[in-house]
Amino acid sequence: MTIHPGLKWTADHIIAAMRHGTSSGKEYICRWKDRLADMLNDPDYASFWSDLRVYEQKANTENLPELSFSLYRQFRETGERQAYELAYFERRGRLAALGLLAAASPSAERLQLLEDLIWSVCNEQTWCLSAHVPEGKEAGARQHIDLFAAETAQTLSEMIVMLDDVLDPRVLRMMRAEIECRIFTPLYREQQTYGWENADHNWSAVCSGGCGIAALLLLEDEHLRAKAVQQTIHSMNAFLRGYGMDGGCAEGIGYWVYGFGFYTYFAEMLRIFSAGKLDMLSNPETRAIAAFPGNVHLSGGVFVNFSDSRERETIPPGLLSLLSERQQVQVNLELRIPLLTEDPCRRWAHALRNILWSNPAVYRRESEAELPAAPVYLENLSWGIARGVLATGEQKEMTAAFAVKGGHNAEPHNHNDLGHFILHGGGENILCDPGSGEYTQAYFAPGRESIFQIGSQGHSVPVIEGAGQHSGRQVEAKVLHIKRLSPQGIEAAFDLTSAYPDAPTLARYTRHLSWNCLPEASEAELFLEDYYQWQQPSKTCREEHLIEKPPVVEYFISRINPVIQEALVQWEGNKAVVTMHYDADLWDAQVEELETVDHDHLPLKFYRAALSLRQTANEEEDPWNHSVKETWCRLKFFIHAK
């Protein structure tokens, strides 16, 4: 997507707009305290405030975790980042909790705890995660800016404005000095360059947005502040270039929350501080991005989670409420105020705005809206999504849904999963995507394809002649056609040959998927047809690949242990059952249990159903003879209520 918010906003234009709005903008931020105080005794937010008090109790009784060199060095020496980040985010959790509590209900004891915590944060060697400091650059880490340095600057700057009248002046001066030293001087005064400034993914929005909000709140020099706004807009444009006109986020729903969330947070702050004259959400193209959660929501708070995202994602209700007001997007979700503890990174920006912006009326109004009648095709991402309602008896209904992805294998947070699909029924993804694994050094290094969550072996795609899909931009799903079959039906066909360059005798591979869910029917169906065309191997290829591996193994991933019966495989979920019918004369079925670790370092178990192509008599003598020039795999899936 090529969007240029503020392309015509010259420095003089920005300065003039900010002169009219800065004073009222700061008054607006100061009034946030009143809003927080009003919500302190609201029963709908009781669990939220109770969760914050747990952090306050820890601050009273437990030492603050130290960001020691022993923790810092682990990433470079072992590739592990968990221990450092657990300590880091515990510190940020206490900071956010005490800041919100102090704003809502200040007391001498609470303010002293907060001041000690702020002082400690200001004395950290770096505000970055250890994994984000370039190797050999530790000496300059204080002025390195990553996602979390930017978030820390935003958090402290908003606290400065909100709590200016209650925090010790010495602490306030310390906060300002550290933000100046770590953010303003290198980024705006010295114009040091950072890789994220031109990135087309969440880093450009989060880093520039966090720093930009701090600049709006704290920079007094109007010319430097105008430069900061222009610089932020430049990076926000880079971020938007990662989106197509379909508004789809290749990184997945979790990173949509992160990237477009911070885009929105900065855009709204800029609008307020310019008295409405500088509005980055006025571009109609951003409406498609704002609609992304609704497009990929399947049912019951479960989402299409291609790439590094969770299938159950809590979209910040403050963010959705604002976008509903500004972009007229529908909110087909239940209102729930998430706890700070539920966010592994303990983000102040989300937590604060969930209190300030959440609008129950939006949720009550929109929750009554029906799911989109027509299937969704996100053309730039090459994702197809269709939902329907099944009759389950006794006048009850159940949502069944299907999603499939094309794209290419060099997308941000990419998995090698072209042609992969999800089957959803009764509020859960029964054939699922594994989501993101534990972030280690290896997770983003060459050879990452061996990790279950990243490689083809962890997705519902085939392994061909022992080879999974390759990484790289040249590996792409060529769309043969995408069409809507009915109000709830969709058909997609891809040529995936380029994904398997290591399959020695594969000439062509295509995948055709046809999904239909007829209104008021009792079951939905998916027809999958994989077509393989083979070529005669060379003599060298014969000698190098005479191995005992079936030509094709079709994989199907779930968290549910499937049952294999005569010519069918069945997955029984909580409310829905998926049944797959296959040709038992051509394919052998088996199930593997696979243990891994998820993004939050917790153990996770998956089940992989595998259909292995039987070899003919000639192939048993020579697996690479290929007297058969083509192979078909035709499967039928049915979803119905239990």
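The values are calculated or read from the model by the stated rules, or taken from the named source; none is laboratory data. All of these numbers come straight from a predicted model, not from anything done at the bench. So basically every Cβ, Gly included, is an ideal-geometry build from the backbone, and we count neighbours across all protein chains shown. Heads up: the accessible areas ignore ligands, DNA and RNA and are worked out on the full protein's heavy atoms, side chains in. Shrake-Rupley method; radii C 1.70, N 1.55, O 1.52, S 1.80 Å.
What the table below lists for this structure:
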item: Residues satisfying the stated conditions in segment 156-182, i.e. within 30 Å of the chain's Cα centre (by Cα) and closer than 16 Å to N123 by Cβ; result: L156, I179, R182
item: Residue that is nearest to H459 (Cα to Cα) [pool: residues in segment 551-578 that are in contact (Cβ under 8 Å) with a residue 60 or more places away in the chain and surrounded by fewer than 19 Cβ atoms within 10 Å (Cβ to Cβ)]; result: R559
item: Boolean, A97 is over 25 Å from the mean Cα position of the chain (by Cα) and either small (G, A, S) or open to solvent by less than 30 Å² (accessible area, probe 1.4 Å) (or both); result: no
item: Single match in H481, H512 (criterion: at pLDDT below 95 and either open to solvent by 30 Å² or more (accessible area, probe 1.4 Å) or part of a loop (DSSP other than H, G, I, E, B) (or both)); result: H481
item: Which numbered condition P372 fails, given (1) more than 30 Å from H459 (Cα to Cα); (2) at pLDDT below 95; (3) open to solvent by 10 Å² or more (accessible area, probe 1.4 Å); (4) under 23 Å from the mean Cα position of the chain (by Cα); result: (1)
item: L111 being under 22 Å from L156 (Cβ atoms) and without any contact (Cβ under 8 Å) to a residue 24 or more places away in the chain; result: no
item: Close pairs (8 angstrom Cβ cut-off, 6 or more residues apart or separate chains): open to solvent by less than 10 Å² (accessible area, probe 1.4 Å) in segment 403-423, modelled with pLDDT under 95 and acidic (D, E) anywhere; result: H415/D308; N416/E449
item: Residues of segment 75-94 classified as open to solvent by 60 Å² or more (accessible area, probe 1.4 Å) and at pLDDT 95 or above, total; result: 1
item: Single residue of segment 100-132 satisfying the filter (among the polar types (S, T, N, Q) and surrounded by 20 or more Cβ atoms within 10 Å (Cβ to Cβ)) that is farthest from M162 (Cα to Cα); result: S130
